[in-house]
1. Hydropathy first: keep DSSP H helices in chain B averaging at least 1.0 on Kyte-Doolittle, then drop any whose Cα extent along the axis falls short of 15 Å, and list what survives.
2. Charges only on Cβ, +1 for Lys and Arg, -1 for Asp and Glu: so what's the dipole of the range B:229-350 about the Cα centre, in debye to the nearest 20?
3. For the range A:25-207, go through all pairs of different Cα atoms, get the mean of 1/r, take its inverse, and jot down that Kirkwood value in Å.
4. Positive end of the dipole of chain A, charges at C-beta (+1 Lys, Arg; -1 Asp, Glu), about the Cα centre: which of A:GLY127, A:ASN57, A:ILE12 has its Cα farthest in that direction?
5. Long-range amide H contacts for A:LEU161: which residues qualify at under 5 Å (H placed 1.01 Å from N, peptide plane, sequence gap of 5 or more or a different chain)?
6. Let me make sure I get this right: for the range B:267-312, a, b and c are the square roots of the gyration tensor eigenvalues over alpha carbons, sorted descending. Under 1.5 in a/c it's rounded, otherwise prolate if a/b > b/c, else oblate. Which is it?
7. What FRET efficiency comes out for B:TYR14 versus B:ILE294 if R0 is 60 angstrom and r is the Cβ-Cβ distance? Round to the nearest 0.05.
8. Solvent-accessible area per residue for the protein assembly as shown at a 1.4 Å probe radius, Å²?
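The values are calculated or read from the model by the stated rules, or taken from the named source; none is laboratory data. As the structure is a prediction and not an experimental result, all values here were calculated from the model. Note: ideal-geometry Cβ built from the backbone for every residue, glycine included; neighbour counts use all protein chains shown. Surface areas here come from the heavy atoms of the whole protein model, side chains and all, with no ligands, DNA or RNA. Shrake-Rupley method; radii C 1.70, N 1.55, O 1.52, S 1.80 Å.
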Amino acid sequence: MGLLSKKDTKLITDPLADNNPITIQVLGICSALAITAQLKASIVMAVSVMAVLGIGNVVISLMRNIIPSKIRIIVQLVVVAALVIIVDQVLKAYSYELSKTLSVFVGLIITNCIIMGRFEAFALANGPWRSFLDGIGNAAGYGLILVIVGFFRELLGSGTLLGFKVLGDPIEKTGLYAIGYENNGFMLLSPMALIVVGIIIWVQRSRNKALIED
Amino acid sequence: MNLKTRLHILKRKYRGSKWAPAFNALHTFLYLPDETTHNGTHIKVADDLKRTMNTVIMAMVPCLIFGMFNAGYQHNLAVGDIQAVAGSFFSSEFWTLDNFLIGFWKIIPLVIVSYGVGLGIEFLFAIIKKHEVEEGYLVTGMLVPLIVPVDIPLWMLAVAVAFGVVIGKEVFGGTGMNILNPALTIRAFLFFAYPTWMSGDKVWVEGAVERTNEIAAGANLDAISGETILGSLAQGKEVAFSTWDMFMGFIPGSVGETSTLLILLGGLFLIFAKIGSWRIMLSSVLGASVMGLIFNQIVDAGVITETSKFYSLMSTPFWEHLIIGGFAFGTVFMATDPVTASQTNKGKWYYGFLIGFISILIRVFNPAYPEGVMLAILLMNVFAPTIDYYVIQGNVKKRLKRLKVKTA
């Protein structure tokens, strides 16, 4: 037996593919559309959500027996809000530019449906270790889609990856731009993020027919 | 052995195989299949989907040929080789072989790319989905080259066509299932993805972009440009063309949408062939006129003065709005698309009216999107099923009421 039992491993791998929060449960779409124009922002967002969801799940799981069920939503909100403020402050302190790019969307992690969903559906009924794994797994599933969308949007929309000009310089006309290539401005607009997510869903479901609902 | 028999033999050979749909499509592209059914009674109609599509293409051919002449004419005019035509539609300055050849070599590649990429994807999806190739792309493929600027790079067109066919049509289930008009989806994609190639004063004249690059590289040439009328109006500039030019189509613009006269003829042909809906065309013109009249009245009442940035577009006479830009082309060939338009007769009136109304609204209030008709039609495509729903529900209610009166 390794560090994780078979059941525990499933907690992490399931949300990556067959129970992905974005492509299967269709939660957390708003932030996936808003901040994925750059790969860097997508990655930071993914890490932030992972921190909030991983720690939050543990906290809620530890308190699950003492929270009166009538006020549990408020308690959950307080926990998320506290964690989000910490993340926000850390970002502001160590990478101010990026926190400006992400603007309100860090704060809006509070309203990300995935987080409240996992608290309600998992942390309230399971122990801290399993809740932690579940939180990390779901945030990773969310982050994976964010990174894929961010990758294509930044590559095709700006011709860069993490800020590096991988396709050449559009003003100096080097690389691909020398032969007449141009950036696709549509990729920088939010509707295209929705279409990219749609294409991911399409590809995923045609590879795994079990996911298709009638 | 003639072509028909050869195709028939090929089709037989591939029957039941993976590639069968591709050969079936080629076989029935121009000929009726020669198999007959052997039992039961069958109704045979001549106007199948392919015949319908071919009729629409025929209605567009005059626009395409005019577009070729016009592309060359705009180029030669901008370069200064020829004089502007004065008045007559059959001007000898316009209908020259030189003009035609410049346009021909520029526009035929657009047609080839449009059909090549589009039909390629249609065939691919037919083979993957194991159904017959659908005819839907025949018209779209002809529409696309007519609604893009003549200087658009071919690879951009190819990307846009691939996007439009896959995302605009195939994901919904192919021909007949799409919500948005595929040709307009392709144009909208180009418009938002590569705005510098879809607007401004260079792309409408053959060679203007190239010339600009040469000048930037140090060539000693005069820059050429030609702005669309909507573009000039949006910037409050004087329009250099007479109303007659605009109606005849001797103006810069997308390839096939400049000549209102030929579009009108195409429209009449479609109405005569009972393929285009006259309700949509008429109500759309009505809607545009009403919106134009409202704007004219606002200007007349002195609410908007010449200092306003909306003044020049708002003060354009309402009938002139009908002949500039892509309004006429959109109304006749795009709004009437039987798949994406409203299906009910009453719904068609609402649908067309709103297209005209919204087109002029977008044109005037959003100078960044001078081609309001594209966005208006796409918007109304989305609302068409809703309009139909309420028309049918209204009918149901009316009949229920009649029933109650009788039984009471």
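1. Details: long enough: B:3-14 (17 Å, -0.83); B:49-79 (44 Å, 0.75); B:97-129 (46 Å, 1.56); B:154-168 (20 Å, 2.49); B:182-193 (16 Å, 1.59); B:260-272 (18 Å, 2.76); B:278-300 (32 Å, 1.17); B:345-365 (30 Å, 0.80); B:372-407 (50 Å, 0.41).
Within chain B the helices that satisfy the rule are B:97-129, B:154-168, B:182-193, B:260-272, B:278-300.
2. Working: 6 positive and 7 negative charges, 100 e Å.
Charge dipole of the range B:229-350: 480 debye, to the nearest 20.
3. For the range A:25-207, inverting the mean 1/r across all distinct Cα pairs yields 17.6 Å.
4. My answer, from the dipole projection, is A:GLY127.
5. When sequence neighbours closer than 5 places are left aside, the close amide H contacts are A:VAL166.
6. It is prolate, given that a/c is not under 1.5 and a/b is the larger ratio.
7. 0.50
8. Values: 30720 Å² over 622 residues.
Per residue, the protein assembly as shown has an accessible area of 49 Å².
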